[in-house]
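Report on one structure; see the data block that follows.
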């Protein structure tokens, strides 16, 4: 039904025309007709729904011991809201993470941590993954931001033109489809499968993970959009939920109408791979001795290179 191509080809084509990455990324879009209000409460197998909160126009994850993890371009804002309660950053606790001296990469990366007064509500400690999910592994995304409209939008796309020409049309005439977002914001969840891992750049280098918004996969197939940055990517490893990533960026098709306020099939989502940054997270949280029990372990790292330019997701 849609523009059939591998996501790498799409990324390369996007590089040749309108850069593929979007600015701020909202509540994750899911591939479901009449899905405008779906998945707005914790899934039955909850990976950590209540630990994800709002920070300014983006989000963040409360990992425990007073510490919050988010995207660097989201920052601390005026603090994180969890369970309807605002918790400001404690002065002087902000920490920008680094790329651990990786050759040829920026010194700093697009991840930020800050401390708050421990929340009054009871929240579980979030385990950070020590190894990255492999290609094909299903992950659960939790983000907050703009909600999708209830029904899909269809386009006839002329991909032989430079830039591509998109004409909104009916389903029968379409070779591409997706969802537009509206002005409302809410937290929601969806799932997708990891399909690559490597370095990408959003002004700062990030070692990350990627997924593709494929049609006809499941009713919960997820794509990040405007406002989702700083949200959580969870993976189940050895029967337990771990935090595998932080949402960073959205990949767009060339000349995609609506930019980050739309999710078209074959868009991509990009996340920081927390297994690489885990030693720094441990070093920040470690003043609490009990944290060692939860966090210590070594994770293997394998590097690859992604082909496309990216702009920040939110």
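Coordinate-derived values only; no laboratory data. Given the structure is predicted, the values throughout are model-derived calculations rather than measurements. In this analysis, Cβ positions are derived from the backbone assuming ideal geometry, glycine residues included, and neighbour counts consider all displayed protein chains.
Within a 10 angstrom radius of the beta carbon, how do 204, 243 rank from fewest other beta carbons to most? It would help to have the intermediate numbers written out before the result.
Numbers: 204 21, 243 24.
With the fewest neighbours first, 204, 243 line up as 204, 243.
Quick check: Cα centre of the range 162-225 to Cα centre of the range 57-72, how many Å?
Cα centres, the range 162-225 to the range 57-72: 23 Å.
What number, in percent, do you get for the relative contact order of the range 151-253 if the mean sequence gap of Cα pairs under 8 Å and at least 6 apart is divided by its residue count? Mind dumping the intermediate values first?
Working: 134 pairs, mean separation 16.7, N = 103.
It comes to 16 percent, rounded to a whole number.
Treat the count of other C-beta atoms within 10 Å as a stand-in for reagent exposure and order 111, 90 from fewest to most. Don't jump to the answer; show the numbers that get you there.
On the way: 111 26, 90 14.
With the fewest neighbours first, 111, 90 line up as 90, 111.
Rounded if a/c is under 1.5, else prolate if a/b beats b/c, else oblate: with a ≥ b ≥ c from the C-alpha gyration tensor eigenvalues square-rooted, which is the range 72-171?
Details: a/c = 2.17, a/b = 1.59, b/c = 1.37.
It comes out prolate by the Cα gyration axes.
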